[in-house]
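Novice: This structure is in structure tokens; I'll ask about it shortly.
The values are calculated or read from the model by the stated rules, or taken from the named source; none is laboratory data. These numbers were taken from a predicted model, which means no experiment stands behind them. Cβ placement follows ideal geometry from the backbone for every residue including glycine, while neighbour counts extend to all protein chains displayed. To get the accessible areas, we keep the full protein, side chains included, count just its heavy atoms, and leave off ligands, DNA and RNA. Shrake-Rupley method; radii C 1.70, N 1.55, O 1.52, S 1.80 Å.
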Amino acid sequence: MSAVPNIDRPQPETATPSPLPGILLASALGAAALGVQRLVPARLALPDVLVALVLGAIVVNSPLARVLGLGAHDRGRNRYGNGLNFVGKTVLRVSVIMMGLRIEAHLFGSRDLLAIILALATALPTTYLLTHAFAVPLGVPRRLAHLVAAGTMICGASAVNAVAPVIGARRQEQGVALATIFLFSAVALVVFRSVAQGLGLTPHAGGLWSGLAVNDLASAVAVGAQMGPGGSEMAALSKSARVLMLAPILVAFSLSRGGAPSRSDLGRTVRSHIPGFVIGFLVLAFARAGGDALFGDAPAWRTLLVVNRNVVAFATLTVSAGIGLHLSVEGLLSAGARAVALGAVAATTMSALTLTLVMQAADGVTPRLLLTCTASLGGAFALWLVARRVRATREAMHIPGEVTRRRRAALGLPLPSNDRYASPSGEYPVS
């Protein structure tokens, strides 16, 4: 006789997996990266953050993933998922806040501020316009182009996820955009350091460029750390300025869709998208300036700065290992070819233009710098206008109805002699 279950007995709830396994795995790989650095001769050594990244990628793309139970498809549901999310969000943001104590006043000058302002005013709109201009010949839908542009301009996956509901993007479009953005973050992790060294950039300038060009926060800090001493701090500083642009970008998308928010809603939107870690970073940066001025030689103050530096360095290694644990080959190849091509346009535009601005801003405000800004914006706007007309023409050729008749007329397209277009009432005229 089979037992009858007691339906009155409360069923146990599924416990949320502990974040500890994921944190320990990423920390262990970070510590292993330090060990590898000590074993490899100095002339052959790579940056420790790059070693941590490679170790994570090796684990997730090798039989070790199966042994550890770290499947690429169910990473969010296995025992490591919560911990890796914690590392990628909380540990990262706390480390960025702590980087504020590493910003020395003499490291940051007016020309760095000039490069950041020009990147926000020139590189962001140029990237947006060119992304949409190339989306037309590539056949990429407008919503997906919005997502790729936003992720490249601002802060990677965070921007994609924030913009998607505002523009009414489908989940498939959101997923393709995320895969595309992450692919080019991975490219930056491998390529940027070599480019900076080839051009003779200082670690300071390389870090500034990393923060202005790399998609997501974690990758920007990791790339900046590869540049050398001070690189991660400058990357965090310039990246924080880009992150602040998410709020006005969301408002602009909302207005473009006809959803003009009230003044109170507008203020709430802006406040809700100013990340707390950016505020914390700025507060500690000012605290560093004040501390250096008031008691810069005090042993307790210098000890605090040393401890902070070591904690931030290991946290950055842990975050880099976490990034590597997400670099499954299958995931990187999941984006469609057209989306990848569009992502290449956006990433190349953002990287090349910000690099040019950083290098030219080092000489101050010059005619060459002003010409770069004017030419990039003007050329991108002209291409966008052409692409916009082409897209409108294509839409007019495929959408039936009276609205399309008016659009055809506005575009100067001929109307068919045998009119089979729907009337405003939705009925077709009898011929």
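Novice: Once you have a ≥ b ≥ c as the square roots of the Cα gyration tensor eigenvalues for the stretch 290-356, tell me rounded if a/c is under 1.5, and otherwise prolate or oblate according to whether a/b is larger than b/c.
Specialist: Oblate is the answer for the stretch 290-356, as a/c is 1.5 or above yet b/c matches or exceeds a/b.
Novice: Ignoring any ligand, DNA or RNA, what whole percent of the accessible area of the stretch 95-212 comes from carbon and sulfur when the probe is 1.4 angstrom?
Specialist: Carbon with sulfur: 64 percent of the solvent-accessible area.
Novice: Determine, for each peptide in 214-224, 281-291, 165-175, 24-34, the mean count of other beta carbons within 10 angstrom over its residues, then list the peptides with the highest first.
Specialist: Ranking, from highest mean packing down: 214-224, 24-34, 281-291, 165-175.
Novice: Given the peptides 373-383, 339-349, arrange them by the average over their residues of other C-beta atoms within 10 Å, most packed first. Walk me through the intermediate numbers first.
Specialist: On the way: 373-383: 15.4, 339-349: 21.8.
Output ranking for 373-383, 339-349: 339-349, 373-383.
Novice: Next up: How many Å² of accessible area per residue for the stretch 94-239, probe 1.4 Å?
Specialist: Accessible surface, normalised per residue, equals 33 Å².
Novice: Mind ordering 111-123, 132-144, 49-61 by average Cβ neighbours within 10 Å, highest first?
Specialist: Values: 111-123: 19.8, 132-144: 18.2, 49-61: 22.7.
Packing order, densest peptide first, comes out as 49-61, 111-123, 132-144.
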